[in-house]
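Notes follow the structure.
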(Lines give C-alpha, C1' and ligand atoms only; values in the text may rest on other atoms or scores of the structure.)
Protein backbone atom coordinates (compact mmCIF):
# COMPACT_ATOMS: atom_id res chain seq x y z
CA UNK A 1 0.00 0.00 0.00
CA UNK A 2 1.48 3.39 -0.98
CA UNK A 3 2.37 5.82 1.79
CA UNK A 4 0.62 9.16 1.29
CA UNK A 5 -0.79 11.98 3.36
CA UNK A 6 -4.36 13.14 3.79
CA UNK A 7 -5.12 16.81 4.30
CA UNK A 8 -8.35 18.48 5.44
CA UNK A 9 -8.95 21.05 2.69
CA UNK A 10 -11.26 23.77 1.43
CA UNK A 11 -11.30 26.18 -1.51
CA UNK A 12 -11.86 29.87 -0.78
CA UNK A 13 -11.66 33.41 -2.03
CA UNK A 14 -9.02 35.36 -0.10
CA UNK A 15 -10.03 38.60 1.66
CA UNK A 16 -7.84 41.60 0.82
CA UNK A 17 -6.41 44.00 3.41
CA UNK A 18 -9.01 46.73 2.79
CA UNK A 19 -11.90 44.32 3.45
CA UNK A 20 -10.08 42.92 6.50
CA UNK A 21 -9.93 46.46 7.95
CA UNK A 22 -13.62 47.07 7.19
CA UNK A 23 -14.62 43.77 8.80
CA UNK A 24 -12.42 44.42 11.84
CA UNK A 25 -14.29 47.73 12.32
CA UNK A 26 -17.65 45.93 12.07
CA UNK A 27 -16.62 43.39 14.72
CA UNK A 28 -15.39 46.16 17.04
CA UNK A 29 -18.76 47.92 16.75
CA UNK A 30 -20.67 44.84 17.96
CA UNK A 31 -20.63 43.84 21.61
CA UNK A 32 -21.52 40.18 22.08
CA UNK A 33 -20.42 38.12 25.06
CA UNK A 34 -18.84 34.78 24.30
CA UNK A 35 -17.85 35.39 20.70
CA UNK A 36 -14.41 34.18 19.64
CA UNK A 37 -13.51 36.53 16.78
CA UNK A 38 -11.86 35.12 13.67
CA UNK A 39 -8.25 36.24 13.41
CA UNK A 40 -7.82 38.75 10.56
CA UNK A 41 -5.35 36.57 8.63
CA UNK A 42 -7.90 33.73 8.61
CA UNK A 43 -10.76 35.69 7.01
CA UNK A 44 -11.90 34.15 3.72
CA UNK A 45 -15.00 33.33 1.65
CA UNK A 46 -15.39 29.56 1.41
CA UNK A 47 -16.47 28.37 -2.02
CA UNK A 48 -16.16 24.60 -1.46
CA UNK A 49 -15.34 22.49 1.60
CA UNK A 50 -13.61 19.31 0.45
CA UNK A 51 -12.80 17.50 3.68
CA UNK A 52 -10.07 14.89 3.50
CA UNK A 53 -7.95 15.02 0.34
CA UNK A 54 -5.22 12.45 -0.25
CA UNK A 55 -1.97 13.30 -2.02
CA UNK A 56 -3.01 11.34 -5.16
CA UNK A 57 -6.20 13.45 -5.42
CA UNK A 58 -4.43 16.84 -5.31
CA UNK A 59 -3.77 17.11 -9.08
CA UNK A 60 -7.47 16.37 -9.75
CA UNK A 61 -8.55 19.03 -7.25
CA UNK A 62 -6.26 21.60 -8.88
CA UNK A 63 -7.62 20.67 -12.31
CA UNK A 64 -11.21 21.01 -10.99
CA UNK A 65 -10.31 24.50 -9.72
CA UNK A 66 -8.81 25.43 -13.12
CA UNK A 67 -11.89 24.15 -14.97
CA UNK A 68 -14.24 26.09 -12.68
CA UNK A 69 -12.23 29.32 -12.98
CA UNK A 70 -11.35 29.38 -16.67
CA UNK A 71 -14.47 31.19 -17.93
CA UNK A 72 -15.16 33.33 -14.86
CA UNK A 73 -13.59 36.77 -15.14
CA UNK A 74 -12.50 38.67 -12.00
CA UNK A 75 -15.43 40.29 -10.18
CA UNK A 76 -16.34 42.13 -6.98
CA UNK A 77 -18.40 41.16 -3.96
CA UNK A 78 -20.21 43.81 -1.92
CA UNK A 79 -20.62 43.66 1.84
CA UNK A 80 -24.39 43.76 2.42
CA UNK A 81 -24.81 43.12 6.15
CA UNK A 82 -24.12 40.95 9.15
CA UNK A 83 -26.16 37.96 10.35
CA UNK A 84 -26.19 35.00 12.68
CA UNK A 85 -25.91 31.38 11.52
CA UNK A 86 -27.78 29.15 11.50
CA UNK A 87 -30.41 31.64 12.74
CA UNK A 88 -30.99 34.25 15.50
CA UNK A 89 -32.59 31.66 17.82
CA UNK A 90 -29.70 29.18 17.62
CA UNK A 91 -26.56 31.28 17.17
CA UNK A 92 -23.28 29.50 16.42
CA UNK A 93 -21.59 31.94 14.01
CA UNK A 94 -21.57 35.65 13.22
CA UNK A 95 -20.99 36.27 9.50
CA UNK A 96 -20.50 39.19 7.14
CA UNK A 97 -22.87 38.59 4.24
CA UNK A 98 -21.84 39.38 0.70
CA UNK A 99 -24.00 39.91 -2.35
CA UNK A 100 -24.52 37.11 -4.87
CA UNK A 101 -23.55 38.39 -8.33
CA UNK A 102 -23.75 35.95 -11.21
CA UNK A 103 -19.96 35.30 -11.44
CA UNK A 104 -19.61 34.05 -7.84
CA UNK A 105 -22.69 31.86 -8.14
CA UNK A 106 -21.43 30.40 -11.45
CA UNK A 107 -17.94 29.87 -9.99
CA UNK A 108 -19.37 28.01 -6.99
CA UNK A 109 -21.66 25.87 -9.17
CA UNK A 110 -18.89 25.01 -11.64
CA UNK A 111 -16.53 24.15 -8.78
CA UNK A 112 -19.20 21.99 -7.13
CA UNK A 113 -19.78 20.20 -10.47
CA UNK A 114 -16.06 19.69 -11.15
CA UNK A 115 -15.41 18.39 -7.62
CA UNK A 116 -18.43 16.09 -7.79
CA UNK A 117 -16.97 14.58 -10.98
CA UNK A 118 -13.82 13.57 -9.07
CA UNK A 119 -15.65 12.15 -6.06
CA UNK A 120 -16.24 15.04 -3.66
CA UNK A 121 -19.78 15.38 -2.36
CA UNK A 122 -21.93 18.24 -3.62
CA UNK A 123 -22.94 20.94 -1.18
CA UNK A 124 -26.40 20.08 0.09
CA UNK A 125 -27.61 23.60 0.81
CA UNK A 126 -27.86 26.85 -1.09
CA UNK A 127 -24.65 28.83 -1.40
CA UNK A 128 -24.50 32.26 0.26
CA UNK A 129 -21.09 33.96 0.12
CA UNK A 130 -20.01 35.13 3.56
CA UNK A 131 -17.03 35.70 5.82
CA UNK A 132 -17.13 34.13 9.28
CA UNK A 133 -16.42 36.93 11.75
CA UNK A 134 -16.71 34.90 14.95
CA UNK A 135 -17.94 31.70 16.56
CA UNK A 136 -19.81 30.93 19.77
CA UNK A 137 -19.48 27.87 22.02
CA UNK A 138 -22.90 28.76 23.43
CA UNK A 139 -25.53 31.08 22.04
CA UNK A 140 -25.24 34.48 23.75
CA UNK A 141 -27.97 35.41 26.24
CA UNK A 142 -28.31 38.93 24.84
CA UNK A 143 -27.61 39.03 21.13
CA UNK A 144 -27.99 42.39 19.41
CA UNK A 145 -30.23 42.64 16.38
CA UNK A 146 -27.84 42.45 13.41
CA UNK A 147 -30.28 44.38 11.22
CA UNK A 148 -29.34 47.46 13.26
CA UNK A 149 -25.59 47.10 12.70
CA UNK A 150 -24.17 49.65 10.27
CA UNK A 151 -21.90 48.11 7.69
CA UNK A 152 -19.52 50.09 5.52
CA UNK A 153 -19.83 50.18 1.74
CA UNK A 154 -17.03 47.67 1.37
CA UNK A 155 -16.05 45.83 -1.81
CA UNK A 156 -13.98 42.66 -2.12
CA UNK A 157 -12.16 42.33 -5.45
CA UNK A 158 -11.96 38.65 -6.46
CA UNK A 159 -9.38 37.47 -8.98
CA UNK A 160 -8.35 34.06 -7.60
CA UNK A 161 -9.34 30.96 -5.66
CA UNK A 162 -7.06 29.42 -3.06
CA UNK A 163 -6.79 25.81 -1.93
CA UNK A 164 -6.19 25.78 1.82
CA UNK A 165 -5.30 23.03 4.22
CA UNK A 166 -7.03 23.33 7.57
CA UNK A 167 -4.87 22.00 10.42
CA UNK A 168 -6.74 21.54 13.68
CA UNK A 169 -4.82 22.20 16.86
CA UNK A 170 -6.07 21.74 20.42
CA UNK A 171 -7.61 25.23 20.76
CA UNK A 172 -7.14 26.71 17.32
CA UNK A 173 -7.04 26.09 13.60
CA UNK A 174 -4.27 26.97 11.16
CA UNK A 175 -4.86 27.59 7.44
CA UNK A 176 -2.02 26.77 5.06
CA UNK A 177 -2.18 27.95 1.45
CA UNK A 178 -1.45 25.00 -0.84
CA UNK A 179 -2.20 26.48 -4.28
CA UNK A 180 -4.04 29.26 -6.02
CA UNK A 181 -5.82 29.51 -9.35
CA UNK A 182 -6.44 32.81 -11.11
CA UNK A 183 -9.89 33.52 -12.53
CA UNK A 184 -10.42 33.78 -16.26
CA UNK A 185 -6.81 33.04 -17.08
CA UNK A 186 -4.79 30.14 -18.35
CA UNK A 187 -3.09 28.80 -15.22
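Values for this structure:
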quantity	calculated
Matching residues, the range 132-143, being assigned to a loop (DSSP other than H, G, I, E, B) and surrounded by 13 or more Cβ atoms within 10 Å (Cβ to Cβ)	139, 140, 143
Any chance residue 104 is assigned to a helix (DSSP H, G or I) and within 25 Å of residue 27 (Cα to Cα)	yes
Residues located in the range 66-96, provided they are touching a helix residue (DSSP H, G or I) at 6+ places or on another chain (Cβ under 7 Å), more than 30 Å from residue 138 (Cα to Cα) and part of a strand (DSSP E or B)	75, 77
Some residue of the range 104-125 being under 19 Å from residue 19 (Cα atoms), out of contact with any helix residue (DSSP H, G or I) (no Cβ under 6 Å at 6 or more places or on another chain), in contact (Cβ under 8 Å) with a residue 12 or more places away in the chain and buried (at least 16 other Cβ atoms within 10 Å of the Cβ)	yes
Output for the range 160-179, where each listed residue is modelled with pLDDT under 90 and over 15 Å from the mean Cα position of the chain (by Cα)	168, 169, 170, 171, 172
Odd one out for residue 145 among (1) under 19 Å from the mean Cα position of the chain (by Cα); (2) more than 16 Å from residue 38 (Cβ to Cβ)	(1)
Residue match in the range 175-183 (condition: touching a helix residue (DSSP H, G or I) at 6+ places or on another chain (Cβ under 9 Å), loosely packed, with under 13 Cβ neighbours inside 10 Å, within 20 Å of residue 40 (Cα to Cα) and touching a residue at least 40 places away in the same chain (Cβ under 8 Å))	no
Qualifying residues in the range 144-174 (those that are in contact with a strand residue (DSSP E or B) (Cβ under 8 Å, 6 or more places away or on another chain) and either part of a loop (DSSP other than H, G, I, E, B) or free of Cβ contacts under 8 Å to residues at least 40 places away in the same chain (or both)) - the one surrounded by the fewest Cβ atoms within 10 Å (Cβ to Cβ)	153
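Residues checked against (1) farther than 17 Å from residue 154 by Cβ; (2) loosely packed, with under 15 Cβ neighbours inside 10 Å:
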residue	(1), (2)
62	yes, no
69	yes, no
76	no, yes
80	no, no
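The values are calculated or read from the model by the stated rules, or taken from the named source; none is laboratory data. Note that the structure is a prediction, hence the values are computed from the model and not measured. Cβ sites come from the backbone with ideal geometry, for glycine too, and all protein chains shown count toward neighbours.
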